[in-house]
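Accompanying notes for the structure given below.
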Amino acid sequence: MAREVAIALDGNTGALLVEDTGRLPSELRDALERLAGPAREIACAAPPEVRTLAPASPEELAALPCVRLAGYWHDSLIEGPGRRSVAKLQGCPLRCHGCITPDSWDAAGGRLVPVERLAAALLDPAHERDGVTILGGEPFAQPAGLLALVRALRRRGCRHVLCYSGYTYEALRRRAELEPAIAAVLHEIDMLIDGPYVAGLAHGAGAWTGSANQRVLTLKDTPAGAAVTS
Ligand code: SF4
């Protein structure tokens, strides 16, 4: 079987981005680096490194909003527009047939972490990004923690926030009538990718979706959102 390695040039910086630098033949890598400078690792098909945070201390649990986290990573090119830092929240009640991440279903798994610490980690200045993506699991299964995380990201200057949900936008809107935190999240995020994973529609999936039924919805037409979606 032929091996594939994704190679890209960053349109903003001109940097050479390679999915897995170790799999690139050395002669090809040398030739590319002579033209475009040192290669930088990106997460094209899977995150190169899934990180986690120390669990909330008893003091943090008592005083600060927390969210249950499966892990986070940087430099994703497949989970929204541009380059993304990504939080994967733990817990999903939807149980889609063929889900590629059943490890994220257990609502008691992962680690409860303070949203402020998570926001700081996601916005680590050592990594460039066009925005932050929050996926799961099911992010809207933790509406209060999700809202606190979105607001913590905004306070720290995050220009573009995208959430995935296995619920449709219409279903979330119905839930929002009873759950103000969901209404607030939908009001404050820039983009939603909605709907459950449907294995039979996987072949028609778009660049950022798992199956063709899922929609990319721009909820806020901010200058930052326009810049990364154009
Ligand atoms: S919503 Fe996402 S995480 Fe939940 S079961 Fe479906 S595909 Fe898996």
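Among the residues of segment 54-100, what is the count of those that are assigned to a loop (DSSP other than H, G, I, E, B) and under 16 Å from G166 (Cα atoms)? Step through it out loud before you land on a result.
Initial filter on segment 54-100 (assigned to a loop (DSSP other than H, G, I, E, B)): 54-57, 64-65, 77-83, 90-100.
Now drop any that are not under 16 Å from G166 (Cα atoms), which leaves 79-80, 90-100.
Number satisfying all stated conditions: 13.
Taking segment 99-120 only, how many residues are in contact (Cβ under 8 Å) with a residue 60 or more places away in the chain, within 8 Å of the ligand (Cβ to nearest atom) and either not assigned by TED's automatic domain parsing to the domain that holds A63 or not β-branched (V, I, T) (or both)?
Just the residues of segment 99-120 that are in contact (Cβ under 8 Å) with a residue 60 or more places away in the chain, to begin with: 99-100, 113, 117-118.
Next, only the ones that are within 8 Å of the ligand (Cβ to nearest atom) stay: 99-100.
Among the residues that remain, those that are also either not assigned by TED's automatic domain parsing to the domain that holds A63 or not β-branched (V, I, T) (or both) are: 99.
The total comes to 1.
When you scan segment 80-98, how many residues do you find that are under 23 Å from L122 (Cα atoms) and more than 6 Å from the ligand (Cβ to nearest atom)? First the steps, then the outcome.
Narrowing segment 80-98 to residues under 23 Å from L122 (Cα atoms): 80-92.
Right, trim to more than 6 Å from the ligand (Cβ to nearest atom) and you get 80-91.
Of the residues in segment 80-98, 12 are under 23 Å from L122 (Cα atoms) and more than 6 Å from the ligand (Cβ to nearest atom).
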Count of segment 112-142 residues which are in contact with a Gly (Cβ under 8 Å, 6 or more places away or on another chain), among the hydrophobic types (A, V, I, L, M, F, W, C) and part of a loop (DSSP other than H, G, I, E, B): 1
Tabulated pairs, segment 160-175, first more than 10 Å from D194 (Cβ to Cβ), second within 14 Å of the ligand (Cβ to nearest atom), C-beta under 6 angstrom, 6+ apart or interchain: L162/T133
Single residue of segment 161-212 satisfying the filter (of a type outside the set (A, V, I, L, M, F, W, C), surrounded by fewer than 16 Cβ atoms within 10 Å (Cβ to Cβ) and modelled with pLDDT under 95) that is nearest to the chain's Cα centre (by Cα): G206
Matching entry among D190, D194 (being more than 16 Å from the ligand (Cβ to nearest atom) and in the same structural domain as H74 (by TED's automatic domain parsing)): D190
Tally, over segment 143-169, of residues that are within 16 Å of the ligand (Cβ to nearest atom) and either among the hydrophobic types (A, V, I, L, M, F, W, C) or in a helix (DSSP H, G or I) (or both): 5
Selection within segment 96-121 - in contact with a helix residue (DSSP H, G or I) (Cβ under 7 Å, 6 or more places away or on another chain) and under 25 Å from R83 (Cα atoms): P114, V115, E116, L118, A119
Unmet requirement for G136, which otherwise passes all of (1) more than 16 Å from the ligand (Cβ to nearest atom); (2) touching a residue at least 60 places away in the same chain (Cβ under 8 Å); (3) crowded, with 23+ Cβ neighbours inside 10 Å: (1)
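The values are calculated or read from the model by the stated rules, or taken from the named source; none is laboratory data. Everything quoted here is computed from the prediction, not taken from an experiment. Note that each Cβ is placed from the backbone with ideal geometry, even for glycine, and that neighbours are counted across all protein chains shown.
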